[in-house]
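To start, the structure under review is shown below, and the notes come after it.
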Amino acid sequence: MFSAITLETLISVRMDRRQVLQGILAGGATTLFPMGSEGGNLGVSTLDFSPLAQKIHDTHRCAEGYDAQVLMRWGDWVLPGAPPFDPHHQTVSAQKQQFGYNNDFVAFMPLPRGSQNSDHGLLCVNHEFTNPELMFPGVTVGDRVCRINREQADIEMAAHGHSIVEIRRKTDGSWIQVAESLYNRRITALDTLMVLAGPAAGNARLRTSQDLTGRYVTGTLNNCSGGVTPWGTLLLAEENFDKYFGGDPEGLEEERTLRDLGIKGSPVHGWYRFYDRFDCTKEPTEANRFGWIVELDPYDPTMVPIKHTALGRFKHEAATVWTMPDGRVVVYSGDDERFQFLYRFVSTYAMVVGDYKANRTLLDEGVLSVARFYPDGRMEWLPLIWGQGPLVAENGFLSQADVLIETRRAARLLGATPMDRPEDVEPSPITGKVYVVLSNNTKRKAKSLDAANPRGPNPYGHILELIPPGTGRDSRHDAPEFSWEILLLAGPFEGANAHYHRDTPLQGNWLAAPDNICFDIKGRLWIATDQGEMQRERNFPDGLYACDLEGVGRALPRFFFACPRDAEMAGPCFTPDNTTLFIAVQHPGEFALSTFDWPSTYWPDFNERIPPRPSVVAITRKNGGPIGG
Ligand code: FEO
Ligand code: CA
Ligand code: CA
């Protein structure tokens, strides 16, 4: 659509806007250097730590002055009485009671419910996927689909989902699990019953031979990141659910939809060999029951999780919530695949403060929209409403249920802007501006650039800043149009990026493949990265960065935490008082040649009988105080 625009034009337009903004923020001052910066490490940023060196190690590292405690590892007990972890003799029953694999989203939910307690709460963690080659002896990346047996498939399914673990901070600042907690819970892909709610629930396309009602699903898949609602529940995002479905979509009634979501008979998990529901030839509608946002109340261990169909079906990275002054809520979510879209949901009704059960239906009615960006700095939210524009019967949409089951196709027909892999999308609780993390897109060509995706190929990714009308708590997140900026072009400080960072050389670190974000209490942005195997090629670990969003340190990241070898970083989350930062180290040792028997790292146990373990780490400042200063 904007193919005539050159990279230089796009970046210079954005730069002009940014410098005007900085001039305003600096009260009209024209200098971009703060007093006394003179090349000192702390001069341009409000963050109080010196950046780490970006080197790969077998173990993790954290900025000086901070302690990093490995708090929960794959196989640690969750349900009281869980057997001790024995990776050489793992069982389904043990795994159902233990912490799952590949921790991603992390939320700290204070106890009691509704409090701001930072010493006692529920650690809520998604388990996105499994690496059988690192979980079981004798399995490799090459044969992990065909080699695993039924029990191993079940262990993998039990290692998916979510864990809720009650934790408490000790007087020395470290964290412990609370023994015999009644809150502790495991949600799995194996046997946790969930309900479907909203406009698509009960639709014929959600019915299977196991569920003739189209309203009940066993389990959840590929829970990547998520969000927290103002009424104290969690939103868990089902992302790459296509990876679990075998069979051949050719000729099936659902073929178009299956292929649109990436299901083409080449799963990366072997479960379909034991379960017909994961074989699309045998159960062609089962896949339609995944790709939703799941709501879970961590304070209610009996709650049946809800898949909210009104929020659309795609590869949801996350779902983050903004509350409007009138109590209606806005949920942002990205579809993490190359050339997919950015979405927003606005609830029809207001939440009922204090009535968390009544609010469980709030996300069932509202308007889902998709984003279109314009080069003049405007963006528009296009409503996905059945009967409007192309979303009609002649295009195969017989009801709103069809629009929601095939959200991607509906969004394409409306002319949404294809993005460079939308990961986390999150509004700043202080300014109300929304940050859209675009991880990378090596398939974007120079001829398919647009203003919001200005580099092709884009191996490093970028972050957009969306600006709704109004400011702070009064930001109008339901407005049909926002404006936008590019916050950060990831990648080395050279070429187009030298221009971007010319005023602050060597004062921070460049980053690659931004993924999950969160905000600290001062409104600064913390950015987790996921480069995949590119971290080996770049000799550059994944980890956690932080940057200011205002002032001269704006968009200049500092490297705070380095993951161990072959891991990605996920889940950054602070306690309400900002004195503990929880992060998730995902898939340590994941590499083509790395196996249970010969892993590329033994993090975090460094015991040759124990393979690497995905783990949640709690970071505190030595002698206490807020993280980042
Ligand atoms: Fe699971 Fe898009 O990361
Ligand atoms: Ca992610
Ligand atoms: Ca990721």
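The values are calculated or read from the model by the stated rules, or taken from the named source; none is laboratory data. Please read these numbers as outputs of a predicted model, since none were measured by experiment. Cβ placement follows ideal geometry from the backbone for every residue including glycine, while neighbour counts extend to all protein chains displayed. Just so you know, the surface numbers come from the protein's heavy atoms only, side chains and all, with ligands and any DNA or RNA stripped out. Shrake-Rupley method; radii C 1.70, N 1.55, O 1.52, S 1.80 Å.
Structural remarks
- Verdict on Glu156 being open to solvent by 10 Å² or more (accessible area, probe 1.4 Å) and either farther than 30 Å from Tyr356 by Cα or not acidic (Asp, Glu) (or both): no
- Conditions (1) at pLDDT 95 or above; (2) more than 30 Å from the chain's Cα centre (by Cα); number of the one not met by Ile24: (1)
- Among the residues of the range 550-567, those that are open to solvent by 10 Å² or more (accessible area, probe 1.4 Å), of a type outside the set (Val, Ile, Thr) and at negative phi comprise Glu550, Arg565.
- Scanning the range 547-588 for residues that are of a type in the set (A, V, I, L, M) and within 19 Å of Gly624 (Cα to Cα) yields Leu581, Ile583.
- The number of residues in the range 410-427 that are basic (Lys, Arg) and crowded, with 19+ Cβ neighbours inside 10 Å comes to 1.
- With respect to being among the acidic types (Asp, Glu), within 13 Å of ligand 3 (Cβ to nearest atom) and open to solvent by 10 Å² or more (accessible area, probe 1.4 Å), Asp515 falls outside the description.
- Residues of the range 341-380 satisfying the condition of being aromatic (Phe, Trp, Tyr), touching a residue at least 24 places away in the same chain (Cβ under 8 Å) and under 26 Å from Ala410 (Cβ atoms): Phe341, Tyr343, Phe345, Phe373, Tyr374
- Residues in the range 326-344 that are outside any strand (DSSP E or B) and open to solvent by less than 20 Å² (accessible area, probe 1.4 Å): Gly327, Asp336, Phe341.
- Considering the conditions (1) touching a residue at least 12 places away in the same chain (Cβ under 8 Å); (2) more than 16 Å from ligand 1 (Cβ to nearest atom); (3) among the β-branched types (Val, Ile, Thr), Ile176 is excluded by exactly one of them, (1).
- Any pair with Cβ under 7 angstrom, 6 or more apart, that starts in the range 89-108 at a residue that is in a strand (DSSP E or B) and ends at one that is open to solvent by 10 Å² or more (accessible area, probe 1.4 Å) and more than 16 Å from ligand 2 (Cβ to nearest atom): Gln98/Asp76; Gln98/Trp77; Gln98/Ala82; Gln98/Phe85; Ala107/Val228
- Residue count, the range 576-594 (criterion: more than 15 Å from ligand 1 (Cβ to nearest atom), outside any strand (DSSP E or B) and surrounded by 23 or more Cβ atoms within 10 Å (Cβ to Cβ)): 3
- Given (1) more than 21 Å from Ala237 (Cα to Cα); (2) open to solvent by less than 30 Å² (accessible area, probe 1.4 Å), number of the condition His162 does not satisfy: (1)
- If only residues of the range 294-314 that are part of a loop (DSSP other than H, G, I, E, B) and either in contact with a helix residue (DSSP H, G or I) (Cβ under 6 Å, 6 or more places away or on another chain) or open to solvent by less than 10 Å² (accessible area, probe 1.4 Å) (or both) are counted, the one that is farthest from ligand 2 (Cβ to nearest atom) is Met303.
- Subset of the range 431-450 (residues that are under 30 Å from Asp474 (Cα atoms) and within 16 Å of ligand 3 (Cβ to nearest atom)): Val436, Val437, Leu438, Ser439
- Within the set Glu537, Glu608, the sole residue that is open to solvent by 10 Å² or more (accessible area, probe 1.4 Å), without any contact (Cβ under 8 Å) to a residue 24 or more places away in the chain and under 22 Å from Phe99 (Cα atoms) turns out to be Glu608.
- Here Gly65 does not fit the description of being within 30 Å of Gln535 (Cα to Cα), of a type in the set (Gly, Ala, Ser) and under 23 Å from the mean Cα position of the chain (by Cα).
- Enumeration of residues in the range 315-325 that are in a strand (DSSP E or B) and within 16 Å of ligand 1 (Cβ to nearest atom): His316, Thr320
- Selection of the range 215-233 for residues being crowded, with 20+ Cβ neighbours inside 10 Å and either without any contact (Cβ under 8 Å) to a residue 60 or more places away in the chain or within 16 Å of ligand 1 (Cβ to nearest atom) (or both) yields Thr220, Leu221, Asn222, Asn223, Cys224, Ser225, Gly226, Gly227.
- Identity of the residue in the range 428-458, within 19 Å of the chain's Cα centre (by Cα) and open to solvent by 10 Å² or more (accessible area, probe 1.4 Å), that ends up nearest to ligand 2 (Cβ to nearest atom): Asn440
- Residue that is farthest from the chain's Cα centre (by Cα) [pool: residues in the range 239-261 that are surrounded by fewer than 23 Cβ atoms within 10 Å (Cβ to Cβ) and within 16 Å of ligand 3 (Cβ to nearest atom)]: Lys243
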